[in-house]
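In what follows, a structure is listed as structure tokens, so that the remarks can point back to it.
Rule-based calculations on the coordinates, nothing more; no lab input. Just so you know, these numbers come straight off a predicted model, no measurement behind them. Neighbour counts are summed over all protein chains in view; Cβ atoms, including those assigned to glycine, are modelled from backbone coordinates with ideal geometry.
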Amino acid sequence: MARPRKHPLPTIAELRYCFDYDPQSGEIRTRAREGDDAYILAFNRRYAGRVVGSVMNTGYRWIRVPGYGTMLGHRLAWAIHHGRWPTEIDHRDGDKLNNRLDNLREVTRAQNNHNRPTRARSGYKGVKARGNKWVASLKANGRHRHLGTFETRELAHAAYQRAAREHHGDYLNLRVIPVGLVSAAFAISIASQGRSTMR
């Protein structure tokens, strides 16, 4: 997720001087420095070719850029490869550590939000209980849309899926983080359905 920065970003030349990015593996490694003085030789022996970064509690890989502090690995990967800083980057498969180039895409904030799992007590994204009925709703273009009230949560979810495919397209994500009364077995079942739908 892109956030406003108080300090300037490193230039692309600075990034490429410090790091090498492998678009196939998604790894960023320390680049060997040029020169033959003792300091550079010692630096290269210790650091050159090593994968950089640490996984923080947000689930993303953060990488320290000399002189600029820590930065998100997927943003660095995009900048190094494309030669420009992105606005916001989305992981297509939802895996925050999968920084392979074919898994990264530049998106708007709304598109990025669409491709995220959500917490759902019902076990289905876009579905909430109301009395003994189930209500489906969708947020699109900054507005909440009521999609109907249904006898079962499966019918409500089907209505949500139809609307979400229309409005969210390639950024549709049906994964949920079950909470509350959803059983473990039901959670596994829903997760499996979500994966098969995304294929």
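Taking every C-alpha pair closer than 8 Å and separated by at least 6 residues, the mean separation divided by the residue count of segment 17-59 gives a relative contact order of 33 percent.
Please give the contour-minus-distance gain from Asp22 to Ala158: 0.36 nm per residue of separation, less the Cα-Cα distance, rounded to one decimal in nm.
Details: separation 136, 0.36 × 136 = 48.96 nm, distance 4.01 nm.
Difference between extended and current length: 44.9 nm.
When DSSP beta bridges are restricted to pairs lying wholly in segment 12-107, around 100% turn out antiparallel.
If R0 is 25 Å, what FRET efficiency do you get for Arg64 and Arg119 from their C-beta distance, rounded to 0.05?
On the way: r = 32 Å, r/R0 = 1.29.
For R0 = 25 Å, the calculated efficiency reads 0.20.
Just add up the charged neighbours of Trp134: K/R +1, D/E -1, any other residue whose Cβ is under 13 Å from the Cβ of Trp134.
Working: positive: Arg121, Lys125, Lys128, Arg130, Lys133, Arg153; negative: Glu151, Glu154.
Net of charged neighbours comes to +4.
The simple Förster model, with R0 at 25 Å and r as the Cβ-Cβ distance, assigns Ala13 and Asp95 a FRET efficiency of 0.25. You can think of it this way: the chain between Val51 and Arg33 has 4.9 nm of extra reach, that is 0.36 nm per residue less the Cα-Cα gap.
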